[in-house]
Structures are given as C-alpha cells and as structure tokens.
Amino acid sequence: MAFIPLFTLIVIFSLSNNNFCFCFNPKLFYNVSKVQSETDWSPAGATWYGPANGAGSDGGACGYKDAVERAPFSSMISAGGPSLFYSGKGCGACYQVKCTNNVNAICSDYPVSVVITDECPGGTCASDSVHFDLSGAAFGAMATSGHSNPLHFVSGIHAQINRFEIVIHSLSIVVCANFSRCITRVECNYRDMNVVFSIDSGSNPYYFAVLIKYINGDGNLAGVDLQQASQSNTWLPMQQSWGAIWKLDSGSGLTAPFSLRLTSAESRKTIVANNVIPAGWQAGQTYQSHVNFDV
C-alpha cells in the first residue's frame, strides 16, 4: 500500500445512537442530519492516499482486489492504522466520516461512509492511537461542490491550517476508560445484496480458502465454519488466513457442496449459507449466497 502523508487531520468519533442506512454511493449520504453535539466527538488522525479521485490501492491488505473500485464499495474505502486494521480482523468494518465546515468553508459538513479494505502500518498511522488513510474519492466526497478533488481540497486549507476536523459518526454507544479514544462503528448495510464468496486461486480438494465480502451489520467476522455434504452434523472451524480471507487446511479430501457458517465479530450473530460452494467448484470463481445479516 502506498502511503502519502500530505497532511494530517483530526478524526472524531461520535457516540450517538441514530438510525442510518449504509451504502457506498456518496450522493446518497447527504440525507443524513448535520445536527450533532460537539460533546459527541473524540479525536483521532487521518490522511489520504492513492489517486486523487481513486480507491487508494487495488484491493490492499484485505484481499478485495479490484472490487474496491466497483459497487458497492465504489472507491469509498479507507486503510486503517493498527487499531483499525487489527491484523486483518478489521477488514470490512464500516465508518462514517465528515469534514466540519466550522473549521473550513469548503467542508460540506455531511457524512460520508467508508469501509476498511487496507492497512496503513507506518508513520502517523502507527503513531496515532486511531488513524484512517482515506481513498482520494472518500476524502473528496467530504468537500463542498467544486472542491471534490482532494488536491484542490488540500490547497484550499494548506496555507491556513495543517490540522482540522473530520468526524466519525457511530450508531452504537460504548463505555471505555479513555473516552477520547473510544472506537465505534456504523452498521454496514449493502441494501439488497447478500454475502459473496470468492475462492482463493490456491484452493484445492485438500486446502480451501475463500474471500468473504459484503457482510451486513458488523462488516467483519469472528469465525467461519465449513460443513461438507458428507458430514451434515459436523462443522469444521476455518482460520483467518490474511485480511478477509479464511482457510481450512484439512489434510484430507473435502467433499462439496460446502455450507459456510459465519459469526459476526461484535454482535456474535450467526448465519448459514447452505450449499453455497457447489460440487465441482473451481479456484478463482465467485459464488453468490442467498443470506446476509439483518440490519
């Protein structure tokens, strides 16, 4: 991942409990109310990286590849510092950000939603307790009309101030010892989409690895289990391989079709994608499920 430390921002986390529909078309975010209490926010840090109007990088450390550029992600993504990326366990988590216009007039003060798809491991990403490295598209979406290009956004404030506010709006209330560093998230809501499974190219009858994406609710997973057609009463626990990819190295031949059971990271809810991986599956193929978490 290429990290471009052009400037540093102040990211704020909100601890209010409001309803919000998560989606990745920035224009759909503008119906969210701007009314927030200043006491609802706590600071962290942020930067932006990659092409000025792009998706940051081609997939990044979560393994989403070029899906980050397409709907529903639509380039509205962020790399996370260590506390957000969390060794890949934070992949898929959703956040809402905005730049407040009381700090600079070109800030729209409307929230933009992003998903963690990459890692930002060094520099201020590591030194800040909480750090977002936003895509150029996500950063530009926080600006007022005519200032959506992040380079224009930076030039408009560079001579005045090198630290300013954006905010992270949360749907949940958490209790923590250091309130200014509480990390809370919005629910992911991919609307009418279901969970998608992309088989890793290295998979074979003895080793099965799969990228799991478009997860509603928490957005990331605590666990994945696989059930073979020949063992309908047995669930085999999978391990996180890297990023959003989960693996099972069985040591013996696996018999498809496979059902996959997903456990969400925070709420610990469970769903089952029955027979989602068919007999005759092929490495590199993508399979659509008919399930997703309720939001």
Q) By how many nm would the segment from Ser129 to Ser230 grow when fully extended, if each residue of separation counts as 0.36 nm and the alpha-carbon distance is taken off? A) 31.6 nm
Q) Which ³J(HN,Hα) values in Hz, rounded to whole numbers, follow from the phi angles of region 60-75 under the Karplus curve 6.51 cos²θ - 1.76 cosθ + 1.60, where θ = phi - 60° and Gly and Pro get x? A) x, 6, 8, x, 6, 6, 6, 4, 5, 8, 9, 4, x, 5, 6, 6
Q: Could you pull out which residues in region 217-238 have an amide N less than 12 Å from a spot 7 Å beyond the Cα of Tyr206, following the Cα-Cβ vector?
A: none
Q: Assign unit charges at the C-beta atoms only (+1 for Lys and Arg, -1 for Asp and Glu), then state the dipole size of region 178-295 relative to its Cα centre in Debye, rounded to the nearest 20.
A: 160
Q.
Which entries of Lys247/Lys269; Lys65/Lys269; Lys98/Lys213; Lys65/Lys98; Lys89/Lys269 have Cα-Cα distances beyond 18 Å here?
A. Lys247/Lys269; Lys65/Lys269; Lys98/Lys213; Lys65/Lys98
Q: With label points built 7 Å along Cα→Cβ from the Cα atoms of Gln288 and Ser267, find their separation and express it in nm.
A: 2.3
**Q.** Förster radius 41 Å - calculated FRET efficiency between Ala256 and Asp109, Cβ distance, rounded to 0.05
**A.** 0.20
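Read the figures in this text as sums done on the coordinates, not as results from a lab. If you're wondering where the values come from, they're calculated on a predicted model, not measured in any experiment. No Cβ is skipped: glycine too gets one built from the backbone with ideal geometry, and neighbour counts run over all protein chains shown.
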